[in-house]
1. For the stretch 267-276, which positions are under 26 Å from Ala186 (Cβ atoms) and buried (at least 17 other Cβ atoms within 10 Å of the Cβ)?
2. Just to verify a result, which residue in the stretch 295-320, among those that are in a loop (DSSP other than H, G, I, E, B) and within 12 Å of the ligand (Cβ to nearest atom), is least open to solvent (accessible area, probe 1.4 Å)?
3. Of the residues Pro58, Pro21, Pro52, Pro25, which is under 27 Å from Pro310 (Cβ atoms) and assigned by TED's automatic domain parsing to the domain that holds Glu294?
4. Looking at Asn247, Asn221 in this structure, which one is open to solvent by less than 50 Å² (accessible area, probe 1.4 Å) and polar (S, T, N, Q)?
5. Quick check on Ser253: is it open to solvent by 20 Å² or more (accessible area, probe 1.4 Å), at pLDDT below 95 and assigned by TED's automatic domain parsing to the domain that holds His134?
6. Please tell me if Thr127 is assigned to a loop (DSSP other than H, G, I, E, B), within 16 Å of the ligand (Cβ to nearest atom) and of a type outside the set (Lys, Arg).
7. Which members of the stretch 262-282 meet the condition of being touching a residue at least 40 places away in the same chain (Cβ under 8 Å) and hydrophobic (A, V, I, L, M, F, W, C)?
Amino acid sequence: MKAIRVQEFGGPDVLQLEDVPDLTPGAGQVVVRVRAIGVNPVDTYIRSGLYPMKPSLPYTPGMDAAGIVESTGEGVKQVAAGDGVYVAGTISGAYAQQALCLATQVHRLPSHVTFEQGAAIGVPYATAYRALFHRAEARPGDLVLVHGATGGVGIAAVQIARAAGMTIIATGGTEKGRTSVGQQGAHHVLDHHAPNYLDQLQVLSGGNGVDVILEMLANVNLGKDLGVLAKHGRVVVIGSRGPVEINPRETMSRDASILGMTLLNTSEQDQASIHAALVAGLENGSLRPIVGKELPLADAARAHEIVLQPGAFGKIVLIP
Ligand code: NAP
């Protein structure tokens with residue numbers, strides 16, 4: 001089968017399509033015939049060699065995919081050959097025609113959800129769900145700012161929060177992205193490049209501020225976020241690409257919390273619970289992953305360039 005292999009850490013051009021042996025499942029494992037692969041920003045950080053988590057070389061990148069179960073190892077009861085599934089994490093890497101997974105990493109894909117949409121679920125939807133419910137402990141009725149709502153995590157957060165009865169203020173950097181975020185359920189949409197957008201936000205919150213902020217670019221926004229939080233407000237730092245200066249006093253008067261998170265810290269029990277909720281949301285139609293761009297697997301390097309560019313619009317998906 002064909003797979004993207006990384007022989008050394010570096011720029012996007014280290015992503016090379018190669019022939020590798022077919023995979024066979026061991027006990028408790030599943031081999032999935034991959035039909036679509038989700039590209040996440042973290043794939044680029046790992047590839048560069050600058051991320052704390054360093055796979056041993058050579059490796060196949062990628063955590064998210066969707067496809068059909070090809071074979072199962074001893075003891076696997078959750079899925080059977082022929083089932084349509086999405087994959088949230090793999091043993092062998094997702095940028096390939098086959099993926100070897102633990103049975104717990106494979107989840108049933110409802111028949112109305114396409115493989116391309118399935119590839120957009122794993123990291124983005126699990127991150128949004130964990131940030132909202134496990135870290136911020138958001139509740140129906142909360143006013144939530146999704147600060148950076150046009151990409152994979154942001155769209156997931158808007159759909160999840162909307163289905164749970166929260167009021168959502170979302171931001172995007174382009175007209176196209178903002179329109180899409182409104183269509184996905186945000187009650188109000190602001191432009192995070194406009195000079196006065198946080199004043200508009202304060203008007204929308206009636207001057208009280210927002211209960212929860214899901215922050216996609218904390219190095220730019222964290223200082224400003226603290227000034228628009230309500231009393232007892234929580235900011236969850238999901239993405240950050242550098243340092244930032246904050247005024248801690250802004251947290252004191254509000255009893256506010258700044259909560260970091262990485263999906264990799266999710267316990268097995270929480271992962272099972274999160275994916276049970278996501279599958280239910282896919283089944284009832286409240287979760288509808290948006291695919292913005294499809295590229296062939298051989299163009300993985302191009303996908304790694306695009307995913308870091310401004311002007312996000314849903315997910316970038318590779319087709320093997
Ligand atoms: P993505 O699809 O590339 O989307 C990036 C988002 O950031 C877009 O909505 C983009 O909006 C927005 N953005 C750009 N400039 C912004 C600004 N000044 N203020 C607010 N938002 C801004 O990436 P993603 O998959 O959604 O991931 C988002 C971030 O979270 C990435 O940094 C990623 O590495 C991180 N992440 C962290 C975890 C974790 O476990 N902590 C898990 C998944 C992702 P426009 O392009 O419309 O301007």
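1. Hits for the stretch 267-276 are Ile274, His275.
2. Residues of the stretch 295-320 in a loop (DSSP other than H, G, I, E, B): 307-314, 320.
Next, only the ones that are within 12 Å of the ligand (Cβ to nearest atom) stay: 307-314.
Details: Val307: 30, Leu308: 79, Gln309: 95, Pro310: 125, Gly311: 50, Ala312: 40, Phe313: 64, Gly314: 13 Å².
Here the answer is Gly314.
3. Values: Pro58 fails: under 27 Å from Pro310 (Cβ atoms); Pro21 fails: under 27 Å from Pro310 (Cβ atoms); Pro25 fails: under 27 Å from Pro310 (Cβ atoms).
Answer to the selection: Pro52.
4. Numbers: Asn247 fails: open to solvent by less than 50 Å² (accessible area, probe 1.4 Å).
Exactly one residue qualifies, and that residue is Asn221.
5. On the way: open to solvent by 20 Å² or more (accessible area, probe 1.4 Å): yes; at pLDDT below 95: yes; assigned by TED's automatic domain parsing to the domain that holds His134: yes.
In short, yes.
6. Numbers: assigned to a loop (DSSP other than H, G, I, E, B): no; within 16 Å of the ligand (Cβ to nearest atom): yes; of a type outside the set (Lys, Arg): yes.
No: the conditions fail for Thr127.
7. So the first thing to find is which residues in the stretch 262-282 are touching a residue at least 40 places away in the same chain (Cβ under 8 Å), and the list is 263-264, 266, 268, 270-272, 274-275, 277-279, 281-282.
Leu263, Leu264, Ala272, Ile274, Ala277, Leu278, Val279, Leu282, listed by residue number.
Okay, residues lined up against (1) modelled with pLDDT of 95 or more; (2) under 26 Å from Asn265 (Cα atoms); (3) aliphatic (A, V, I, L, M):
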| position | (1), (2), (3) |
| --- | --- |
| Pro21 | yes, no, no |
| Arg33 | yes, no, no |
| Gly49 | yes, yes, no |
| Val76 | yes, yes, yes |
| Leu102 | yes, yes, yes |
| Gly118 | yes, yes, no |
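The values are calculated or read from the model by the stated rules, or taken from the named source; none is laboratory data. For clarity, every value in this text was computed on a predicted model and none was experimentally measured. Note that each Cβ is placed from the backbone with ideal geometry, even for glycine, and that neighbours are counted across all protein chains shown. The accessibility values were calculated without ligands, DNA or RNA, using every heavy atom of the protein model including side chains. Shrake-Rupley method; radii C 1.70, N 1.55, O 1.52, S 1.80 Å.
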